[in-house]
Amino acid sequence: MEQEVLKKAEVLIEALPYIQKFNRKIIVVKYGGSAMSNEELQKNVIKDVTLLKLVGFKPIIVHGGGKEISKWSEKVGKESKFVNGLRVTDQETMEIAEMVLGKVNKRLVSMVQELGVSAVGVSGKDGGMIHVEKKYSDGQDIGYVGEITDVNPKLLYDLLEKDFLPIVAPIGLDDGFKTYNINADDAACAIAKAVGADKLVFLTDIEGLYIDINDKGSFIPRITVSDAEELIGSGIIGGGMLPKLGNCTSAVKNGVNRVHILDGRIPHCLLLEIFTNEGVGTMILRDEDKQLVGDI
Ligand SMILES: Nc1ncnc2c1ncn2[C@@H]1O[C@H](COP(=O)(O)OP(=O)(O)O)[C@@H](O)[C@H]1O
Ligand SMILES: CC(=O)N[C@@H](CCC(=O)OP(=O)(O)O)C(=O)O
């Protein structure tokens, strides 16, 4: 019994330098994909982010909800089509996506509120936050899919300053104030860069980055931007990991200190990454930080 209590104290002591280091620092958490599918996991993620807020960090959640958009599209008899991982978004699909992302956004707000922290749910339209232009995929017209051209962080700064936890849905406006659907990874990366986040964390459905996805021994716990870019160029990385890794390197090159790809299926992976010496998942860091030990 005494041993157990001591262990708990040790865990808290281990967390101390991390709490000090990240005090008042902005951490952007991209939450979506399969990591969002299960209610129990959702509760754990929200608990973790809320705890980060309560110990003095400034988290921002940027969420996806692609699976739910597909589910609701199917309910109205619309088949979901993707080109290079991006949803082909006609006018009707845009309306469905906006409704569904709004619903997901407010569900996350309720969950945070329930834990005693004040959250504000917005989309990239609010406060003129996310400005886009129409995106083409390999020259192909994919409808109302937005390429982010600019992020105005003022609303986020104001919310953080007033101690709210911002929760952002990946929707933006173009020059003509038309609504666009944005890949949530792109939105999280652009927001992390614009607010000068110290950390950007992608919660996904795999342990992290592998050189060869079929070889568990090829797991990469940490990688520099140059090495990651080499991997991207090599053509080994596939699926959704390819644009995700591109967003990771872009964030680090634009001032985000550390980017992490974590397995959102592992309960409390966020806490394990941030508060323990070992860390979990894959960390992407600047070339000059290659020799640094740990995450401090
Ligand atoms: N080398 C690789 N390492 C890790 N994951 C990879 C790799 N190559 C392809 N993938 C795929 O990328 C997926 C994660 O990207 P994605 O599906 O876009 O995530 P999410 O929807 O959670 O944002 C993994 O489930 C995996 O199947
Ligand atoms: C243009 C585009 O593809 N937008 C995405 C937005 C949601 C998203 O990215 O959700 P996940 O992170 O859960 O996949 C979509 O419509 O599915």
Discussion item. Sorting check: for 16-24, 39-47, 159-167, which peptide has the highest mean count of neighbouring beta carbons within 10 Å, and how do the rest follow?
Written reply: 159-167, 39-47, 16-24
Discussion item. Just to check I understand the Karplus step: with θ = phi - 60° and J = 6.51 cos²θ - 1.76 cosθ + 1.60, what whole-Hz values come out for the stretch 69-85, glycine and proline as x?
Written reply: 4, 5, 4, 6, 5, 4, 4, 9, x, 10, 7, 8, 10, 10, 10, 6, x
Practice prompt. Pull out a ≥ b ≥ c, the square roots of the eigenvalues of the alpha-carbon gyration tensor of the stretch 232-280, then state rounded if a/c is under 1.5, prolate if not and a/b is larger than b/c, and oblate in the remaining case.
Written response: oblate
Item to complete: Using θ = phi - 60° and the Karplus relation 6.51 cos²θ - 1.76 cosθ + 1.60, list the HN-Hα couplings for the stretch 91-105 in order, rounded to whole Hz, with x at every Gly or Pro.
Response: 3, 5, 4, 4, 5, 5, 4, 5, 5, 5, 5, x, 5, 4, 4
Discussion item. Residue by residue through the stretch 169-186, what is 3J(HN,Hα) from phi via Karplus (6.51 cos²θ - 1.76 cosθ + 1.60, θ = phi - 60°)? Round to whole Hz and write x for glycine and proline.
Written reply: 8, x, 10, x, 10, 9, 3, x, 6, 8, 8, 10, 8, 10, 4, 5, 5, 4
Discussion item. Shape verdict for the stretch 23-289, please, from the Cα gyration tensor: rounded (a/c under 1.5), prolate (a/b greater than b/c) or oblate.
Written reply: rounded
Item to complete: Please work out the C-alpha center-to-center distance from the stretch 1-42 to the stretch 96-122 and express it in whole Å.
Response: 21
Worksheet item: What's the extension gain from TYR157 to GLU133 if we count 0.36 nm per residue and subtract their Cα-Cα distance?
Response: 6.2 nm
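So, by mean Cβ neighbours within 10 angstrom, what's the order for 75-84, 218-227 with the highest one leading? Kindly include the intermediate steps, with their values, before the conclusion.
Details: 75-84: 11.6, 218-227: 16.7.
Ranked from most to least packed, the peptides come out as 218-227, 75-84.
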Fill in: Estimated distance in nm for a label pair at ASN254 and GLN113, the labels positioned 7 Å out from Cα along Cα-to-Cβ
3.2
Practice prompt. Return, ordered by residue number, the residues of the stretch 224-247 whose backbone nitrogen is under 18 Å from a label point located 7 Å along Cα→Cβ of GLU288.
Written response: 224-227
Practice prompt. Towards the positive end of the charge dipole of the chain, with charges on Cβ (+1 Lys, Arg; -1 Asp, Glu), say which of SER34, GLY56, PHE275 has the farthest Cα.
Written response: GLY56
Item to complete: Output the peptides 6-15, 275-284 sorted from most to least packed, where packing is the average of other Cβ atoms within 10 Å over each peptide's residues.
Response: 275-284, 6-15
Response to the item:
Residues other than GLN140 with Cβ under 15 Å of its Cβ, Lys/Arg counted +1 and Asp/Glu -1, net out at 0
Worksheet entry | Local electrostatic count at LYS53 - Lys and Arg +1, Asp and Glu -1, tallied over other residues with Cβ under 15 Å | +1
Worksheet entry | Most positive-pole-ward Cα, GLN291, SER137, LEU108, against dipole of the chain from beta carbon charges | LEU108
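Could you check what % of the DSSP bridge pairs in the stretch 23-289 are antiparallel, to the nearest 5?
Numbers: 18 of 48 bridges.
Looking only at bridges with both residues in the stretch 23-289, the antiparallel portion is about 40 percent.
Each value in this text was obtained by applying a stated rule to the coordinates, not by laboratory testing. A quick note: this is a predicted structure, and the numbers were derived from the prediction, not measured. Every residue, glycine among them, receives a Cβ derived from its backbone with ideal geometry; neighbour counts consider all protein chains shown.
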